[in-house]
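Bear in mind these aren't lab numbers, they're just calculated from the coordinates by the rules spelled out. Please read all numbers here as calculations on a predicted model, not as lab measurements. Note that we place each Cβ from the backbone using ideal geometry, even for glycine, and neighbour counts take in every protein chain shown.
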There are 2 protein chains.
Amino acid sequence: MTSGATPKPRTRIQARNSETILEAALEVFSTYGFRGATLDQIAEVAGLSKPNLLYYFPSKEAMHQALLTRLLSTWLDPLRDVKASGDPVTEILGYVRRKVELSRDYPRESRLFANEILQGAPRMREAIEGELKTLVDEKSALLQSWMDQGSIARMPPAHLIFSIWALTQHYADFDAQVRAMLGPDHDPFTEAGDYLDTLFRKLLAP
Amino acid sequence: MTSGATPKPRTRIQARNSETILEAALEVFSTYGFRGATLDQIAEVAGLSKPNLLYYFPSKEAMHQALLTRLLSTWLDPLRDVKASGDPVTEILGYVRRKVELSRDYPRESRLFANEILQGAPRMREAIEGELKTLVDEKSALLQSWMDQGSIARMPPAHLIFSIWALTQHYADFDAQVRAMLGPDHDPFTEAGDYLDTLFRKLLAP
DNA sequence: GTCTATAATGAGATAGAC
DNA sequence: GTCTATCTCATTATAGAC
């Protein structure tokens, strides 16, 4: 019986090497984009030879795909966690906070995603039009119901979600610019956490 | 006497061809990033041969640099236009509106810029740490003075500027995602204009 | 499982005819 | 000024020894 899909975590050493490669691939793809990245760079970062990379993944494309697949669930989980049962403002501010933490702790994942969307989402179109859109529609309806019952201010629900994405991901995606503007004595993500909490509190107030 | 810098608009036909090439280069670079773009693609879009491109620009690098240079002033002008003499809220909301219009009318320029920052600004570091930082420091001081006099709510001025950038550029940079979420019956930029006007009105209210 | 060597193609840039 | 042909090097991927 041959192994199934792209990664093949059969033995312990295989699992570890696959992980090392994906870690290196994330580093390089997130910075240079798919075409800008080279296997030489990834091999260098991973500390493995180029053919060895291709022993674990059948192609450059497969490495990228593996990263995107694993990325999606991490990325959607915080929005999934927004519950109808909770207090509306608390739920939304909690989502904002978790997204800021994601930007702080996983900036490369954020940039990988940004690179992909910037290029028109050629390798993620399906996931975006399917899984993501379904989730956004569902949460938009929840936000709308909160607006209808007067718990939060009335506004286009989808654009409220876009605001959260734009403002939180900006600190990861445009990190180079943010740090250049703030100078070395600032912690962008701590400041962003406080600032965005205040911003959304004001915005949501009915 | 030989021609000076990269573009050489000596005759009318040269000016027109340089323009055609830069237009095509913008199209391709903004989508695929610097390394992802190929001269073949640019030549195809421009309707010229590859060697002909290199007759007008000495290298791929030079085309990219020419685009970034021309981009910067277009990008900074709206912020420069924020005047101390005007009404604070009107000035800021005007800036937001102009930035939304830029995203709507020049989305490729926005994506070119995003690509560059995402990669750590390797070809724009100087301009960002110099020209842009100077301007942001200047306008941050202005915003701070407006906060001190109670004209707008108190918040970190630089982060207020980041908010405007993040929210307006999101609609150009993540256009693929925004349209997938909204569906075909929406005009993202019109909705964004109204939504962001409301958002910043609330945020700025003292 | 991992490596060296290499095939095969892609892509930036140049030569030289027209 | 513009093109065809080509050089040269980078890059993905494979072959085959160990």
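Annotations
- Kirkwood Rh and Cα Rg combined as Rg/Rh, the protein assembly as shown: 0.99
- Copy-to-copy label separations for residue A:65, where each label sits 7 Å from Cα toward Cβ, in nm and ascending: 4.0
- The count of lysine pairs in chain A with alpha-carbon distances below 17 Å, taking only pairs 8 or more places apart or on different chains, stands at 5.
- Each copy carries residue A:134; placing its label point 7 Å along the C-beta direction from Cα gives inter-copy distances of 5.4 nm, listed from smallest up.
- Across peptide A:107-119, the average count of Cβ atoms from other chains found within 10 Å of a residue's Cβ is 4.
- Value of relative contact order over chain B, rounded to a whole percent, pairs C-alpha under 8 Å and six or more apart: 22 percent
- Structure-based [θ]222 nm, chain A - -39500 (n - 2.57) summed over DSSP H runs of at least 4, per residue, nearest 500: -23500 deg cm²/dmol
- Comparing A:68, A:118, A:26 in a Gaussian network model of chain A, where Cα atoms under 10 Å apart are tied by springs, the biggest mean-square fluctuation is seen for A:118.
- Of A:15, A:172, A:114, the one that fluctuates the most in a GNM where chain A has Cα springs shorter than 10 Å: A:15
- Per the Debye formula on identical point scatterers at the alpha carbon atoms of chain A, with no solvent, log10 I(q)/I(0) at q = 0.12, 0.13 Å⁻¹ is -0.72, -0.82.
- Ascending distances from the residue B:87 label point to its copies in the other chains, with the point 7 Å along the Cα-to-beta-carbon line: 3.6 nm.
- Farthest towards the positive end of the charge dipole of the stretch B:51-206, among the residues B:89, B:76, B:64, is the Cα of B:64, using unit charges on the Cβ of Lys, Arg, Asp and Glu.
- For A:160-170, mean number of other protein chain Cβ atoms within 10 Å: 5
- In the protein assembly as shown, taking the dipole from charged Cβ atoms about the Cα centre, the farthest positive-side position among A:183, A:38, B:113 is held by A:38.
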